[in-house]
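> Dropping the structure in here first, questions after.
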Amino acid sequence: TGVLAVYSHNDNYNVTIKNFSSVDYSTLNYFPLLILDDIADVSSGLKNELKNYLVKGGNVLLIPNKEIELNSFKNFFSEIVNAEFNPAVQDEVRVGEINKTHYIFNNVFDKIPTNIDLPTTKSYFPVSYRTQSRTEYILTLENEIPYLTVSKVGDGSFYFLASSLKESSFSQHALFVPVLLKIAENSQFLSPLYYTIGKNERISLNQNSYFSGDLEIKSNTGDLAFIPEIIKSNSTVSLALHNNIVIAGQYALYYQNKILKPLSYNYDRVESVTTFYSGNEIRSRIDKLGFESYFSILTVNSSEGNKRIETILKDKELWRLFLIGALLFLLIEILIIKFFYRAYK
């Protein structure tokens, strides 16, 4: 299909193709984006699984078949999206508006011509989105019916195209590829820019993480490699590093000798935990280096030490002498001007 062609030739995406009748619902959480292409019926089981998937942060793109089981779609949209799904309208309509400010179109256009030829559809399914549905229009038909939308469902995003690709010229239009790539791009789990050493932060891998073997973390310099602990909870996966990383730098998470994701570690910007030499250790090092005649160690919490410190500070208070000297020289200058200058005149 046109959808498969977009992703199958792109090395940035791993595509798994499943027939609706053979889908194992327990594996849905292993994928960041589910594309339901040419779907005719949303069974109650699929509806419940998609709801759980979306609420936990998954992403779904639904493209209907021309012929659908209307009640199943009505139930799905009413319960999941808070919208009213209506029967198909047989009418050829052109896309009339692009939501250029939507994140789907970020960095897609340098400039959009005013007379751009937009895709058309021979039929479409009108959906009435309620205010509470948290829905954004991405593409709108000339009759103001939403054509491509995205709705927030829990922590996830539900994308809906209001017609079958077989009824529309959308899959042959220049918009098709960037829209699908942007949907996939925005469905990826966003990792922190960096982790902080000493905070023992877990690395979250989201629902799409499924591994049949060990993961490994390696430093880019090659001087550190270890296997993190994998923690699974509520269909999510995270990694516990147990403070194995103590040096700031660049690292990477490997799976089957391939980089799964890069990792950056920085030192805590707050004052770090410091260690100090004891007084005896400092004396020992000074004696060892032969500097005992140049340094002396004072204990500040003793009366003798405090007196020594006061004496040292007082001995170095030279500002009074400079002030007295400045006043003395000023007085001498005044006397010279007063007596010698007059005598000279």
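> Among the residues of the range 154-163, write down those that are modelled with pLDDT of 95 or more and assigned to a loop (DSSP other than H, G, I, E, B).
Step one: filter the range 154-163 for residues modelled with pLDDT of 95 or more, giving 158-163.
Passing the criteria: 162, 163.
> How about the range 41-73: which of its residues are of a type in the set (Val, Ile, Thr) and not in a loop (DSSP other than H, G, I, E, B)?
So in the range 41-73, the residues of a type in the set (Val, Ile, Thr) come out as 42, 55, 60, 63, 68.
Scanning the range 41-73 gives 55, 60, 63.
> Could you tell me which residue of the range 16-75 is surrounded by the most Cβ atoms within 10 Å (Cβ to Cβ), considering only residues that are within 16 Å of residue 157 (Cα to Cα) and without any contact (Cβ under 8 Å) to a residue 12 or more places away in the chain?
Residue satisfying both the conditions and the ranking: 52.
> Additional query: Which ranges mark the strands (runs of 3 or more DSSP E) fully within the range 74-153 that have 3 or more residues being under 18 Å from residue 165 (Cα atoms)?
Here the list reads 89-98, 120-124, 135-141, 146-153.
Condition check ((1) closer than 28 Å to residue 29 by Cα; (2) over 25 Å from the mean Cα position of the chain (by Cα)) across all residues:
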position: 142; (1), (2): no, yes
position: 148; (1), (2): yes, yes
position: 153; (1), (2): yes, no
position: 158; (1), (2): yes, no
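> A further question on this structure: Which members of the range 1-38 meet the condition of being assigned to a loop (DSSP other than H, G, I, E, B) and of a type outside the set (A, V, I, L, M, F, W, C)? I'd like the intermediate steps shown before the answer.
Applying the first criterion (assigned to a loop (DSSP other than H, G, I, E, B)) to the range 1-38 yields 1, 9-19, 23-24, 31-32.
Within the range 1-38, 1, 9, 10, 11, 12, 13, 14, 16, 18, 19, 24, 32 meet the criteria.
> Something else: Determine whether the range 59-79 contains at least one residue that is at pLDDT below 95, over 29 Å from residue 117 (Cα atoms) and touching a Leu at 6+ places or on another chain (Cβ under 7 Å).
The answer is yes, given that some residue of the range 59-79 is at pLDDT below 95, over 29 Å from residue 117 (Cα atoms) and touching a Leu at 6+ places or on another chain (Cβ under 7 Å).
> Could you count how many residues in the range 1-14 are under 24 Å from residue 162 (Cβ atoms) and not hydroxyl-bearing (Ser, Thr, Tyr)?
Selection size over the range 1-14: 5.
The values are calculated or read from the model by the stated rules, or taken from the named source; none is laboratory data. Treat the numbers as computed from the prediction; the structure is a model and nothing was measured. Reconstructed Cβ throughout: ideal geometry from the backbone, glycine too, with neighbour counts over all protein chains shown.
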